[in-house]
Amino acid sequence: MRINAVLKQIVLSIALISTTVYANEQNKNQVEVDLGWLDLKPMSNNHTYAFYVAGTQPYFQNWHAQAVNPDYTSTLELALRYPLKENQLNFSMDWRHLRSNDNASKQGNQTTDVTNIEFVGPPFEMSPPVFGIRHVEANLKYNYDNITLNLEKILDTPSWMKAKIIPGINILYLKQNFISTFSDLVGAEPTPFTYPLPPDPSFSFQIQAISEFIGIGPSLGLSGQLEIMQGLSLIGAAFGSLNVGTLSVQENFTATSAELTNDGIGVSKQQATVPNKIQVVPGFDGKLGLLYEFKNYKNIKVSVEGGYRLIAYMNAIATLNPQTLVQPGQNPGVPEFSTGTMAIVSMTQQDRPFNLNGPYFMVKLNF
């Protein structure tokens with residue numbers, strides 16, 4: 001099941017809401033439409049794309065991890081709410097949609113003097129074969145969609161507060177596309193462990209890590225509204241979910257170099273994959289903010305809400321990490337990173353979290 005299936009769910013849900021809106025018009029109940037803007041920062045713990053090494057070799061070098069730091073990204077939220085039983089039970093649908101695109105890069109110096117070179121390399125390959133690589137660029141993309149279909153049970157409370165318990169169904173789609181590209185091979189002097197590397201302007205090595213999850217499962221939430229003064233309330237909500245679905249992951253390697261060209265290979269393509277697996281992804285969605293309700297205007301009740309939102313998922317992303325490569329030593333015929341290809345000795349798979357946090361603003365219209 002792919003994103004098309006998620007979009008199909010959205011269309012079916014909107015169709016269902018449209019039907020209930022028509023019934024609402026017949027019964028003279030009120031339908032609430034919420035349109036929200038969120039400024040969310042997507043985060044995980046696998047944003048490191050390279051290490052930058054500088055200092056006097058070999059005893060005074062410094063290692064600096066380079067990681068993409070995503071910006072806050074505008075996110076759309078649309079919610080529809082229909083009263084099934086006045087003052088007791090509501091049906092609601094909520095759709096949250098985010099697309100983010102962030103970049104980072106690092107440049108080393110141009111010297112080949114091993115005592116003061118500055119070079120960059122991937123976390124799994126920081127040995128002498130990458131001494132000559134001086135530039136890396138990274139691009140990180142997230143696609144995130146979340147749909148919830150809920151029944152809201154309104155609890156009996158004092159007039160100055162409102163509370164709901166909210167069971168429902170949660171649909172989650174998440175894709176991470178993380179690309180790192182290494183270039184600027186200025187060459188490297190021979191060492192006791194490796195042969196010399198000549199400069200290679202055509203060198204480029206790209207690593208693409210793709211992780212994709214789509215799942216569905218139950219959710220349960222609780223929301224509360226506490227009146228502070230006339231029209232102004234403190235509002236908060238917390239939801240938990242268990243999403244069961246398919247998690248797929250792959251690692252693609254694409255490279256060019258002078259050595260590959262000389263061997264009659266235009267582009268080297270390698271790939272690492274594992275079978276798709278069924279994954280349980282626990283989720284949390286919480287918010288805290290202020291709500292202001294305006295006076296009714298022509299039978300339309302308008303309110304605005306703003307505050308802070310935190311969304312978190314466990315084990316929603318997976319990565320494949322090469323651990324050990326075959327080292328060329330004095331043999332230039334052994335595949336290695338700096339010549340545009342490599343031989344992997346071992347690799348691990350690791351599950352990762354996915355988090356979103358940031359401010360939000362929402363306009364609510366009650367027709």
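General remarks:
- Any chance Glu227 is crowded, with 16+ Cβ neighbours inside 10 Å, over 25 Å from Tyr142 (Cβ atoms) and of a type in the set (Asp, Glu): yes
- Comparison of Ile147, Ile165, Ile154, Ile133 shows that the only residue that is within 18 Å of Gly55 (Cβ to Cβ) and aliphatic (A, V, I, L, M) is Ile133.
- Unique residue being at pLDDT 75 or above, of a type in the set (A, V, I, L, M) and touching a His at 6+ places or on another chain (Cβ under 7 Å) when the list is Val114, Val68: Val68
- You will find that of Thr261, Thr254, the residue that is within 28 Å of Phe182 (Cα to Cα) and not in a strand (DSSP E or B) is Thr261 and no other.
- The number of residues in the range 304-354 that are assigned to a loop (DSSP other than H, G, I, E, B) and under 28 Å from Gly36 (Cα atoms) comes to 0.
- Across the range 279-297, the qualifying residues are those that are part of a strand (DSSP E or B) and charged (D, E, K, R), and the one among them that is farthest from Leu247 (Cα to Cα) is Glu293.
- Entirely in the range 113-194, the strands (runs of 3 or more DSSP E) that have 3 or more residues that are among the acidic types (Asp, Glu): 133-154
- Within the range 202-214, the presence of a residue that is of a type in the set (D, E, K, R), within 33 Å of the chain's Cα centre (by Cα) and over 30 Å from Met93 (Cβ atoms) is excluded.
The values are calculated or read from the model by the stated rules, or taken from the named source; none is laboratory data. Treat the numbers as computed from the prediction; the structure is a model and nothing was measured. We place every Cβ from the backbone using ideal geometry, glycine too, and count neighbours over all the protein chains shown.
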